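Step one of this worksheet: look at the structure below.
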Amino acid sequence: MKLDGLDILITAPPSPGWGGRYWILVKVTTDTGLTGWGECYASSVGPDAMRHVIEDVFDRHMRGESPENIELMFRRVYSSGFTQRPDLTVMGAFSGLEIACWDILGKARDRPVYALLGGQMTPKVRAYTYLYPLPHHDVTRFWTDPDAQAEAAREYVKQGYTAVKFDPAGPYTIHGGHQPALTDIALSVEMCKAIRDAVGNRADLLFGTHGQFTTSGAIRLGQALEPYLPLWYEEPIPPDNLLEFAEVARAVRIPIATGERLTTKAEFATVLRTGGAKILQPALGRAGGIWEMKKLAGLAEAFNAEMAPHLYAGPVEWAANLHLATSIPNLLIAETIDTPFHRDLIGASIRVENGFVTLSDAPGLGIDVNEDLARAHPYTGTGLHLEMQASPCNYQDGNTFTGGAPPEDA
């Protein structure tokens, strides 16, 4: 059995775009007719350019190879062009293709992917959700409204979730790390208090920041949040200086989590060695794929660290994350985005029930991709999957984050 064909679908979820402006799905076929699905979580270049990168990676390093030879194909890609170092775009391409190989291998053996990874260690995967606005909320005001966020938190806890994530401390700006405005610190504290009051001890608070602060700025904010006992303080500084995470970790009494913008075990190893993070959040469609992150899970065990797969993409990456999650002993929790479009795209083959996900024993990834639905929602915009604002932090008037991937004319 050899890898033989490739099709790439760029699918746009309906507004308001939870999960990003578009998802890059790959459909890989073998010379025996088996089909595998993967998802490339890569957003440094536009989807048209990314299509060419994916095709090049497949044609150069994978076409004609057995889907079993995942280690060999990874090393080819990791070393391509005399590099042997993490490359966010190239690894994003390979990650989705690698996920498709596992889907093929599971189908060929009539076994779920997790069975090929050592079996199930954690049959019920604890799930968390972002706080998204309820139908009656103002979508723009929601992100800076503690009462609305608290109301959403109560609703998600009613559904069984035991952890909710929110990030009121924007902006996400291209100006690199900045000091948080006092108004942003005050809003973050007020948001934590409102949500903690709403959920009590029934749910953990997951505080996200998306890497927008300097080291000292992250420490100022983090120390202000300590009374509300967040489970984690997510990516408090930019991911381009991994050594500084340890400075934050030493000064803030909240566990540091990071990883959605990291790729391969090489980058994650730095924060493990330095004690910069004890909660790792790989996005499997970017971080090197399932096998590379299975290795990371083993490495994390040696540092007494936990895994919390990240999701801000489509349901194919979600499926890959969950197969890894169920197979490892040091799982903390896994992110979920349970929108109707996510469910419809995979035929509701993954369900969050009372805050947990239990995977079936269906072969491969266990999902039934609705290819017609994916093709019926092509991406026609010009923006990237996610983007950071050009203007700096507003210290006079405060800052507003509209969540996710807002319309491109916003």
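Since every read-out is calculated from the coordinates, none of them should be taken as a lab result. Not measured: the values here are computed from a predicted model. Positions of Cβ are generated from backbone atoms using ideal geometry, with glycine treated the same way; all protein chains shown enter the neighbour counts.
Non-local amide H neighbours of residue 140 (under 5 Å, H modeled in plane, Pro and chain starts lacking H): which ones?
Under 5 Å from the amide H of residue 140 lies no amide H from a residue far enough along the sequence or on another chain.
Run the paramagnetic zone check for residue 303: 7 angstrom along Cα to Cβ, then residues of the range 234-252 with backbone nitrogen under 12 Å.
So the set is 242-246.
So, with +1 on the Cβ of K and R and -1 on the Cβ of D and E, and no other charges, what is the size of the charge dipole of the range 115-365 about its Cα centre, to the nearest 20 debye?
520
If I model a spin label at residue 344 and residue 175 as a point 7 Å from the Cα along the Cα→Cβ vector, what separation in nanometres do I get?
Distance between the two pseudo-spin positions: 4.1 nm.
Starting from the 7 Å offset along Cα-to-Cβ, what nm value, one decimal, do you get for the label separation of residue 124 and residue 80?
In this crude spin-label approximation the distance works out to 4.3 nm.
Please arrange 306, 151, 353, 371 by how many other C-beta atoms lie within 10 Å of their C-beta, fewest to most.
Listed from fewest to most nearby Cβ atoms, that is 353, 371, 151, 306.
Where the centroid of each part is defined by its Cα atoms, how far is the range 332-362 from the range 1-21 in Å?
After rounding, the separation between the Cα centres reads 18 Å.
Taking the Cβ of residue 2 as the center, what net charge do the other residues with Cβ under 9 Å away carry, scoring Lys and Arg +1 and Asp and Glu -1?
-2
If the chain were replaced by its equivalent ellipsoid, with semi-axes equal to the square roots of 5 times the Cα gyration tensor eigenvalues, what would those be, largest first, whole Å?
Three semi-axes, in Å: 33, 22, 21.
What is the sum of charges, Lys and Arg at +1 and Asp and Glu at -1, for the other residues whose Cβ falls under 13 Å from the Cβ of residue 248?
Local net charge: -1.
Could I have the simple spin-label model distance between residue 115 and residue 229, label points 7 Å from Cα toward Cβ, reported in nm to one decimal?
Once both label points are built, they end up 4.1 nm from each other.
What is the gain in length, in nm to one decimal, between residue 141 and residue 68 on full extension, counting 0.36 nm per residue of separation less the C-alpha to C-alpha distance?
Between residue 141 and residue 68, full extension yields an extra 21.4 nm.
Just to confirm my numbers, what's the Cα centroid distance between the range 198-252 and the range 67-139 in Å?
Measuring centre to centre over Cα atoms gives 27 Å.
Summing +1 for each Lys or Arg and -1 for each Asp or Glu, what net charge is found among the other residues whose Cβ lies under 15 Å from the Cβ of residue 222?
Within the 15 Å Cβ shell, the charges total -3.
In degrees between 0 and 90, to the nearest 10, how far off the longest principal axis of the chain does helix 215-225 point, with axes built from Cα atoms?
On a 0 to 90 degree scale, this one is about 70.
Roughly speaking, what is the stretch gain from residue 358 to residue 240, that is 0.36 nm per residue apart minus the C-alpha to C-alpha distance, in nm to one decimal?
Contour length minus Cα-Cα distance gives 38.9 nm.
Under 8 Å for C-alpha pairs, at least 6 residues apart: give me the relative contact order for the range 296-344, rounded to a whole percent.
In percent, rounded to a whole number, it is 42.
Between residue 2 and residue 370, take the C-beta separation as r, use R0 = 22 Å, and let me know the FRET efficiency to the nearest 0.05.
Calculated value: 0.20.
Restricting to Cα pairs below 8 Å that are 6+ residues apart, what does the relative contact order work out to for the chain? Please round to a whole percent.
24
Enumerate the amide H contacts of residue 257 below 5 Å, restricted to partners 5 or more residues apart or on another chain; note that Pro and chain-start residues carry no placed amide H.
For residue 257, whose amide H was placed from the backbone, the distant partners under 5 Å are 233, 234, 235.
Using the count of nearby Cβ atoms within 10 Å as a rough guide to exposure, how do 193, 158 rank from fewest to most?
158, 193
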